[in-house]
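K.L.:
First the structure, which I've put down as C-alpha coordinates, then a few questions once you've had a look.
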Amino acid sequence: MIQPPTQPQPLLDVRDLRTYFLTDGGDVRAVDGISFSMAEGERLGVVGESGSGKSVTAASIMGLIEPPGAVVGGQIRFRGQDLLQLPEKEMQKIRGREIAIIFQDPMTALDPVFTVGSQLTETLRIHRNMSRKEARTVAIDTLADVQIPSPEKRFRDYPHQFSGGMRQRVVIAMALLCDPALLIADEPTTALDVTSQAQVMDLMLGLAEDRGTGVMLITHDLGVVAGFCENVQVMYAGEIIERGPAGPLYANPDHPYTRGLLESVPRLDDDTQNHLYSIRGAAPSMTKPPQGCRFWPRCDHATDKCVSEAPTACCGEGSQECACHFAGTFELETDRAGV
Ligand SMILES: Nc1ncnc2c1ncn2[C@@H]1O[C@H](COP(=O)(O)OP(=O)(O)OP(=O)(O)O)[C@@H](O)[C@H]1O
Ligand SMILES: [Mg+2]
(Lines give C-alpha, C1' and ligand atoms only; values in the text may rest on other atoms or scores of the structure.)
(Ligands and ions follow the chains in the order given, each with its own letter.)
Protein backbone atom coordinates (compact mmCIF):
# COMPACT_ATOMS: atom_id res chain seq x y z
CA MET A 1 0.00 0.00 0.00
CA ILE A 2 1.32 3.46 -0.82
CA GLN A 3 1.85 5.46 2.34
CA PRO A 4 0.87 9.14 2.26
CA PRO A 5 3.97 11.38 2.44
CA THR A 6 4.75 12.10 6.07
CA GLN A 7 5.20 15.70 7.14
CA PRO A 8 8.63 16.34 8.65
CA GLN A 9 8.41 16.88 12.40
CA PRO A 10 8.42 20.60 13.21
CA LEU A 11 11.25 22.07 15.23
CA LEU A 12 8.76 23.82 17.45
CA ASP A 13 5.03 23.30 17.67
CA VAL A 14 3.01 25.46 20.02
CA ARG A 15 -0.66 24.61 20.57
CA ASP A 16 -3.20 26.79 22.33
CA LEU A 17 -0.60 28.25 24.68
CA ARG A 18 -1.98 30.36 27.54
CA THR A 19 0.29 32.23 29.93
CA TYR A 20 -1.40 34.39 32.54
CA PHE A 21 -0.15 36.58 35.38
CA LEU A 22 -2.34 36.04 38.38
CA THR A 23 -2.47 39.46 40.00
CA ASP A 24 -4.71 41.11 42.62
CA GLY A 25 -6.30 43.10 39.81
CA GLY A 26 -7.29 39.88 37.98
CA ASP A 27 -5.61 37.52 35.53
CA VAL A 28 -3.42 39.31 32.97
CA ARG A 29 -3.98 37.15 29.89
CA ALA A 30 -0.57 37.97 28.39
CA VAL A 31 -0.62 35.04 25.95
CA ASP A 32 -4.09 33.78 25.32
CA GLY A 33 -4.39 30.69 23.16
CA ILE A 34 -1.71 30.94 20.49
CA SER A 35 -0.76 28.15 18.07
CA PHE A 36 2.11 28.15 15.60
CA SER A 37 4.89 25.95 14.24
CA MET A 38 8.46 26.45 13.10
CA ALA A 39 10.38 24.13 10.77
CA GLU A 40 14.06 23.26 11.34
CA GLY A 41 16.18 26.23 10.25
CA GLU A 42 13.16 28.51 9.74
CA ARG A 43 13.43 32.22 10.44
CA LEU A 44 10.20 33.48 11.98
CA GLY A 45 9.59 37.15 12.74
CA VAL A 46 7.24 37.99 15.60
CA VAL A 47 5.89 41.55 15.52
CA GLY A 48 3.22 43.51 17.35
CA GLU A 49 3.03 46.57 19.55
CA SER A 50 4.29 46.82 23.09
CA GLY A 51 2.47 44.54 25.53
CA SER A 52 1.08 42.19 22.86
CA GLY A 53 2.70 39.12 24.43
CA LYS A 54 5.87 38.61 22.37
CA SER A 55 8.33 38.35 25.26
CA VAL A 56 5.94 36.28 27.34
CA THR A 57 5.69 33.84 24.42
CA ALA A 58 9.51 33.60 24.35
CA ALA A 59 9.79 33.19 28.12
CA SER A 60 7.10 30.48 28.06
CA ILE A 61 9.06 28.48 25.47
CA MET A 62 12.22 28.83 27.56
CA GLY A 63 10.42 27.77 30.75
CA LEU A 64 11.28 31.11 32.33
CA ILE A 65 7.86 32.26 33.52
CA GLU A 66 7.93 33.04 37.20
CA PRO A 67 5.12 33.64 39.72
CA PRO A 68 2.74 35.39 39.62
CA GLY A 69 2.96 34.19 36.01
CA ALA A 70 2.09 30.65 34.96
CA VAL A 71 1.52 28.69 31.80
CA VAL A 72 -2.11 27.76 32.40
CA GLY A 73 -2.76 25.76 29.26
CA GLY A 74 -1.51 24.35 25.99
CA GLN A 75 1.53 22.51 24.70
CA ILE A 76 5.01 23.52 23.58
CA ARG A 77 6.55 20.67 21.59
CA PHE A 78 10.22 20.95 20.73
CA ARG A 79 11.22 18.22 18.25
CA GLY A 80 8.18 16.31 19.43
CA GLN A 81 8.83 16.60 23.15
CA ASP A 82 6.37 18.62 25.26
CA LEU A 83 8.55 21.05 27.18
CA LEU A 84 5.76 21.83 29.63
CA GLN A 85 5.84 18.26 30.89
CA LEU A 86 9.61 18.21 31.49
CA PRO A 87 11.01 18.42 35.01
CA GLU A 88 13.12 21.56 35.58
CA LYS A 89 16.33 19.49 35.54
CA GLU A 90 15.61 18.24 32.00
CA MET A 91 14.57 21.73 30.92
CA GLN A 92 17.93 23.09 32.12
CA LYS A 93 19.67 20.74 29.67
CA ILE A 94 17.57 22.02 26.78
CA ARG A 95 17.91 25.68 27.77
CA GLY A 96 21.17 27.02 26.44
CA ARG A 97 22.12 23.85 24.60
CA GLU A 98 19.17 23.24 22.28
CA ILE A 99 17.21 26.45 22.65
CA ALA A 100 19.05 29.69 23.35
CA ILE A 101 17.69 33.16 23.95
CA ILE A 102 19.17 36.60 23.45
CA PHE A 103 17.54 39.49 25.30
CA GLN A 104 17.63 43.18 24.60
CA ASP A 105 19.95 43.90 27.52
CA PRO A 106 23.23 41.95 27.23
CA MET A 107 23.84 42.24 30.97
CA THR A 108 20.92 39.87 31.63
CA ALA A 109 23.03 37.11 30.05
CA LEU A 110 26.47 38.10 31.38
CA ASP A 111 27.71 37.96 34.93
CA PRO A 112 29.70 41.13 35.74
CA VAL A 113 32.03 39.37 38.19
CA PHE A 114 33.43 36.74 35.81
CA THR A 115 35.57 37.21 32.71
CA VAL A 116 33.89 36.64 29.38
CA GLY A 117 36.21 33.70 28.77
CA SER A 118 35.30 31.94 32.00
CA GLN A 119 31.58 32.36 31.28
CA LEU A 120 31.96 30.92 27.79
CA THR A 121 34.10 27.97 28.88
CA GLU A 122 31.78 27.23 31.82
CA THR A 123 28.84 26.93 29.42
CA LEU A 124 30.77 24.53 27.21
CA ARG A 125 31.96 22.46 30.15
CA ILE A 126 28.45 22.10 31.57
CA HIS A 127 26.53 21.57 28.34
CA ARG A 128 29.09 19.85 26.17
CA ASN A 129 31.27 18.16 28.73
CA MET A 130 34.47 19.64 27.28
CA SER A 131 37.86 19.75 28.92
CA ARG A 132 39.12 23.19 29.98
CA LYS A 133 41.55 23.30 27.06
CA GLU A 134 39.00 22.23 24.45
CA ALA A 135 36.46 24.71 25.81
CA ARG A 136 39.00 27.54 25.62
CA THR A 137 39.71 26.82 21.95
CA VAL A 138 36.02 26.67 21.02
CA ALA A 139 35.25 29.82 23.04
CA ILE A 140 38.01 31.81 21.33
CA ASP A 141 36.91 30.55 17.91
CA THR A 142 33.35 31.62 18.67
CA LEU A 143 34.50 35.09 19.76
CA ALA A 144 36.30 35.29 16.42
CA ASP A 145 33.09 34.17 14.63
CA VAL A 146 31.22 37.12 16.14
CA GLN A 147 34.04 39.39 14.95
CA ILE A 148 35.48 40.42 18.29
CA PRO A 149 38.96 41.77 17.48
CA SER A 150 41.89 40.06 19.30
CA PRO A 151 39.66 37.30 20.73
CA GLU A 152 42.52 35.66 22.70
CA LYS A 153 43.11 38.88 24.56
CA ARG A 154 39.44 39.80 24.99
CA PHE A 155 38.79 36.32 26.41
CA ARG A 156 40.36 37.54 29.66
CA ASP A 157 38.28 40.73 29.91
CA TYR A 158 35.20 41.38 32.06
CA PRO A 159 31.85 42.32 30.47
CA HIS A 160 32.14 45.99 31.52
CA GLN A 161 35.34 46.28 29.46
CA PHE A 162 33.32 45.78 26.26
CA SER A 163 31.25 48.44 24.45
CA GLY A 164 27.50 47.83 24.16
CA GLY A 165 27.77 46.47 20.60
CA MET A 166 30.73 44.22 21.46
CA ARG A 167 28.92 42.99 24.57
CA GLN A 168 25.91 41.97 22.51
CA ARG A 169 28.32 40.09 20.21
CA VAL A 170 29.61 38.22 23.25
CA VAL A 171 26.02 37.32 24.10
CA ILE A 172 25.50 36.05 20.56
CA ALA A 173 28.70 34.00 20.92
CA MET A 174 27.34 32.60 24.18
CA ALA A 175 23.98 31.77 22.58
CA LEU A 176 25.53 30.03 19.58
CA LEU A 177 28.26 28.26 21.55
CA CYS A 178 26.41 24.98 21.93
CA ASP A 179 24.99 25.08 18.41
CA PRO A 180 21.33 25.34 19.46
CA ALA A 181 18.60 24.23 17.05
CA LEU A 182 16.49 27.25 17.99
CA LEU A 183 17.62 30.77 18.78
CA ILE A 184 15.06 33.16 20.21
CA ALA A 185 16.19 36.75 19.80
CA ASP A 186 14.00 39.19 21.75
CA GLU A 187 14.69 42.71 20.48
CA PRO A 188 18.38 41.81 20.39
CA THR A 189 19.64 45.13 19.08
CA THR A 190 17.21 47.72 20.46
CA ALA A 191 19.70 48.96 23.06
CA LEU A 192 22.38 49.67 20.42
CA ASP A 193 23.00 52.66 18.18
CA VAL A 194 21.61 52.38 14.66
CA THR A 195 24.92 51.44 12.99
CA SER A 196 25.73 48.74 15.53
CA GLN A 197 22.13 47.49 15.31
CA ALA A 198 22.46 46.67 11.62
CA GLN A 199 25.91 45.09 12.04
CA VAL A 200 24.94 42.94 14.99
CA MET A 201 21.70 41.83 13.37
CA ASP A 202 23.50 40.91 10.12
CA LEU A 203 26.11 39.01 12.05
CA MET A 204 23.64 37.11 14.20
CA LEU A 205 21.36 36.13 11.35
CA GLY A 206 24.32 35.27 9.08
CA LEU A 207 25.81 32.94 11.69
CA ALA A 208 22.42 31.34 12.36
CA GLU A 209 21.93 30.77 8.65
CA ASP A 210 25.40 29.19 8.24
CA ARG A 211 24.63 26.82 11.10
CA GLY A 212 21.06 26.01 10.04
CA THR A 213 19.73 27.41 13.35
CA GLY A 214 16.02 28.19 13.51
CA VAL A 215 15.50 31.81 14.60
CA MET A 216 12.50 33.38 16.25
CA LEU A 217 13.15 37.08 15.88
CA ILE A 218 11.03 39.31 18.07
CA THR A 219 11.21 42.91 16.93
CA HIS A 220 9.37 46.16 16.36
CA ASP A 221 11.33 46.56 13.15
CA LEU A 222 9.14 45.36 10.31
CA GLY A 223 11.94 46.12 7.84
CA VAL A 224 14.30 43.67 9.51
CA VAL A 225 11.64 40.97 9.37
CA ALA A 226 11.07 41.65 5.66
CA GLY A 227 14.80 41.34 5.03
CA PHE A 228 15.57 38.25 7.07
CA CYS A 229 12.52 36.19 7.93
CA GLU A 230 10.70 33.70 5.75
CA ASN A 231 7.58 33.87 7.86
CA VAL A 232 6.03 36.43 10.11
CA GLN A 233 3.37 36.40 12.77
CA VAL A 234 1.60 39.41 14.12
CA MET A 235 0.52 39.47 17.75
CA TYR A 236 -2.22 41.64 19.19
CA ALA A 237 -3.44 41.51 22.79
CA GLY A 238 -2.07 38.04 23.52
CA GLU A 239 -3.25 36.46 20.26
CA ILE A 240 -1.75 35.80 16.84
CA ILE A 241 -4.00 37.77 14.55
CA GLU A 242 -2.17 37.14 11.29
CA ARG A 243 0.63 34.93 10.08
CA GLY A 244 2.17 33.76 6.83
CA PRO A 245 5.15 34.08 4.47
CA ALA A 246 6.68 37.54 4.98
CA GLY A 247 6.73 38.74 1.33
CA PRO A 248 3.07 38.02 0.44
CA LEU A 249 1.85 39.07 3.88
CA TYR A 250 3.56 42.45 3.67
CA ALA A 251 2.37 42.96 0.12
CA ASN A 252 -1.16 41.95 0.98
CA PRO A 253 -2.00 42.05 4.68
CA ASP A 254 -5.46 40.69 5.40
CA HIS A 255 -5.92 42.08 8.92
CA PRO A 256 -6.67 45.78 9.48
CA TYR A 257 -4.19 45.78 12.39
CA THR A 258 -1.34 44.40 10.23
CA ARG A 259 -2.26 46.92 7.60
CA GLY A 260 -2.12 49.70 10.20
CA LEU A 261 1.30 48.53 11.41
CA LEU A 262 2.66 48.49 7.87
CA GLU A 263 1.20 51.86 7.02
CA SER A 264 2.82 53.40 10.07
CA VAL A 265 6.34 52.52 8.83
CA PRO A 266 8.11 55.38 7.01
CA ARG A 267 9.38 54.51 3.52
CA LEU A 268 12.35 55.97 1.76
CA ASP A 269 10.76 55.57 -1.66
CA ASP A 270 7.57 57.38 -0.68
CA ASP A 271 7.94 60.96 -1.86
CA THR A 272 4.31 61.91 -1.21
CA GLN A 273 3.75 64.35 1.60
CA ASN A 274 1.14 62.08 3.24
CA HIS A 275 1.24 61.85 7.01
CA LEU A 276 2.14 58.44 8.34
CA TYR A 277 -0.82 56.42 9.46
CA SER A 278 -1.15 55.68 13.14
CA ILE A 279 -3.53 53.15 14.64
CA ARG A 280 -5.98 55.06 16.82
CA GLY A 281 -6.59 54.24 20.46
CA ALA A 282 -4.43 52.19 22.80
CA ALA A 283 -3.81 48.51 23.39
CA PRO A 284 -6.67 46.97 25.40
CA SER A 285 -6.60 45.80 29.00
CA MET A 286 -5.21 42.29 29.15
CA THR A 287 -7.22 41.62 32.29
CA LYS A 288 -10.55 42.32 30.64
CA PRO A 289 -9.92 42.24 26.89
CA PRO A 290 -12.82 43.34 24.69
CA GLN A 291 -15.50 40.76 23.88
CA GLY A 292 -15.60 39.56 20.29
CA CYS A 293 -12.57 40.60 18.23
CA ARG A 294 -10.01 42.22 20.56
CA PHE A 295 -9.15 44.80 17.94
CA TRP A 296 -12.69 46.07 17.30
CA PRO A 297 -12.50 49.22 19.51
CA ARG A 298 -9.64 50.47 17.33
CA CYS A 299 -10.79 49.14 13.98
CA ASP A 300 -12.20 51.43 11.29
CA HIS A 301 -14.16 48.53 9.81
CA ALA A 302 -15.76 46.99 12.92
CA THR A 303 -19.36 45.77 12.64
CA ASP A 304 -21.83 44.28 15.17
CA LYS A 305 -20.43 40.85 14.39
CA CYS A 306 -16.91 41.96 15.43
CA VAL A 307 -18.25 43.24 18.75
CA SER A 308 -20.16 40.06 19.58
CA GLU A 309 -18.19 37.22 18.00
CA ALA A 310 -14.48 36.40 18.23
CA PRO A 311 -13.03 35.49 14.83
CA THR A 312 -11.50 32.02 14.38
CA ALA A 313 -7.97 32.01 15.76
CA CYS A 314 -4.94 31.43 13.53
CA CYS A 315 -4.00 27.80 14.02
CA GLY A 316 -0.60 27.82 12.33
CA GLU A 317 -1.56 25.45 9.56
CA GLY A 318 -2.48 27.49 6.49
CA SER A 319 0.02 29.47 4.41
CA GLN A 320 -1.45 32.90 5.22
CA GLU A 321 -4.01 33.04 7.99
CA CYS A 322 -5.87 35.92 9.53
CA ALA A 323 -8.16 36.16 12.54
CA CYS A 324 -10.65 38.69 11.14
CA HIS A 325 -14.29 38.22 10.08
CA PHE A 326 -13.65 40.36 7.04
CA ALA A 327 -10.13 39.18 6.20
CA GLY A 328 -8.74 40.56 3.00
CA THR A 329 -11.69 42.73 2.08
CA PHE A 330 -9.82 45.97 2.83
CA GLU A 331 -7.83 47.75 0.18
CA LEU A 332 -4.25 48.68 0.98
CA GLU A 333 -3.59 52.22 -0.18
CA THR A 334 0.08 51.80 -1.00
CA ASP A 335 2.19 48.90 -2.21
CA ARG A 336 3.97 47.78 0.94
CA ALA A 337 5.95 44.88 -0.53
CA GLY A 338 9.56 45.02 0.68
CA VAL A 339 9.06 47.65 3.41
N1 LIG B 1 5.52 39.95 35.69
C2 LIG B 1 4.38 40.39 35.14
N3 LIG B 1 3.30 40.67 35.91
C4 LIG B 1 2.14 41.12 35.37
N5 LIG B 1 1.96 41.31 34.05
C6 LIG B 1 3.00 41.05 33.23
C7 LIG B 1 4.27 40.58 33.72
N8 LIG B 1 5.12 40.41 32.67
C9 LIG B 1 4.39 40.76 31.58
N10 LIG B 1 3.14 41.13 31.91
C11 LIG B 1 2.08 41.59 30.99
O12 LIG B 1 1.98 40.69 29.92
C13 LIG B 1 1.62 41.38 28.74
C14 LIG B 1 2.57 40.97 27.63
O15 LIG B 1 3.87 41.44 27.94
P16 LIG B 1 5.12 41.19 26.99
O17 LIG B 1 6.31 41.55 27.80
O18 LIG B 1 5.07 39.81 26.42
O19 LIG B 1 4.89 42.25 25.83
P20 LIG B 1 5.78 42.46 24.52
O21 LIG B 1 4.92 42.15 23.33
O22 LIG B 1 7.07 41.72 24.64
O23 LIG B 1 6.02 44.04 24.57
P24 LIG B 1 7.36 44.90 24.23
O25 LIG B 1 7.29 45.11 22.75
O26 LIG B 1 7.14 46.18 24.97
O27 LIG B 1 8.55 44.16 24.69
C28 LIG B 1 1.66 42.86 29.06
O29 LIG B 1 0.33 43.29 29.26
C30 LIG B 1 2.44 42.93 30.34
O31 LIG B 1 2.03 44.01 31.13
MG1 LIG C 1 9.04 42.31 24.90
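K.L.:
Give the number of residues within the range 57-82 that are within 16 Å of ligand 2 (Cβ to nearest atom) and either open to solvent by 30 Å² or more (accessible area, probe 1.4 Å) or under 23 Å from Pro289 (Cα atoms) (or both).
P.N.:
Final tally of qualifying residues: 8.
K.L.:
Moving to a separate point now. Could you check the range 34-54 and list, in sequence order, the residues that are within 14 Å of ligand 1 (Cβ to nearest atom) and either of a type in the set (A, V, I, L, M) or touching a Lys or Arg at 6+ places or on another chain (Cβ under 8 Å) (or both)?
P.N.:
Ile34, Val46, Val47, Gly48
K.L.:
Being open to solvent by 70 Å² or more (accessible area, probe 1.4 Å), among the hydrophobic types (A, V, I, L, M, F, W, C) and at pLDDT 90 or above, is that true of even one residue in the range 254-272?
P.N.:
no
K.L.:
Looking at the range 218-230, I want the residues that are more than 14 Å from Val200 (Cβ to Cβ) and open to solvent by less than 60 Å² (accessible area, probe 1.4 Å) and have a partner that is in a helix (DSSP H, G or I) and more than 11 Å from ligand 1 (Cβ to nearest atom) with Cβ atoms under 7 Å, at least 6 apart or on another chain. Which pairs are those?
P.N.:
Leu222/Leu261; Leu222/Leu262; Val225/Ala246; Ala226/Ala246; Ala226/Tyr250; Cys229/Ala246
K.L.:
If Gly247 meets every condition in (1) open to solvent by 30 Å² or more (accessible area, probe 1.4 Å); (2) within 14 Å of Val146 (Cα to Cα) apart from one, which number is that one?
P.N.:
(2)
K.L.:
For the subset of the range 229-255 comprising residues that are among the small types (Gly, Ala, Ser) and in a loop (DSSP other than H, G, I, E, B), which member is nearest to ligand 1 (Cβ to nearest atom)?
P.N.:
Only one residue tops the list, namely Gly238.
K.L.:
Filter the range 143-187 down to residues that are polar (S, T, N, Q) and within 23 Å of the chain's Cα centre (by Cα), then give me how many there are.
P.N.:
Here the count works out to 1.
K.L.:
Restricted to the range 102-112, and to residues that are open to solvent by less than 30 Å² (accessible area, probe 1.4 Å) and hydrophobic (A, V, I, L, M, F, W, C), which residue is nearest to Ala58 (Cα to Cα)?
P.N.:
Ile102
K.L.:
Next up: Output the helices (runs of 4 or more DSSP H) that fall wholly within the range 113-192 and possess 3 or more residues being open to solvent by less than 30 Å² (accessible area, probe 1.4 Å) and either free of Cβ contacts under 8 Å to residues at least 40 places away in the same chain or under 24 Å from Val56 (Cα atoms) (or both), or say none.
P.N.:
Here the list reads 132-145, 164-176.
K.L.:
Spot the failing condition for Lys54; the list is (1) charged (D, E, K, R); (2) within 16 Å of ligand 2 (Cβ to nearest atom); (3) surrounded by fewer than 19 Cβ atoms within 10 Å (Cβ to Cβ); (4) closer than 17 Å to Asp186 by Cα, and only one is missed.
P.N.:
The number of the failed condition is (3).
K.L.:
Would you be able to tell me the number of residues in the range 196-221 that are of a type in the set (A, V, I, L, M, F, W, C) and under 18 Å from Thr57 (Cβ atoms)?
P.N.:
The total comes to 4.
The values are calculated or read from the model by the stated rules, or taken from the named source; none is laboratory data. What you are looking at is a predicted structure, and each value in this text was computed from that prediction instead of being measured. Neighbour counts run over all protein chains shown; Cβ positions are idealised from the backbone, glycine included. Side chains included, ligands, DNA and RNA excluded: accessible areas come from the protein's heavy atoms. Shrake-Rupley method; radii C 1.70, N 1.55, O 1.52, S 1.80 Å.
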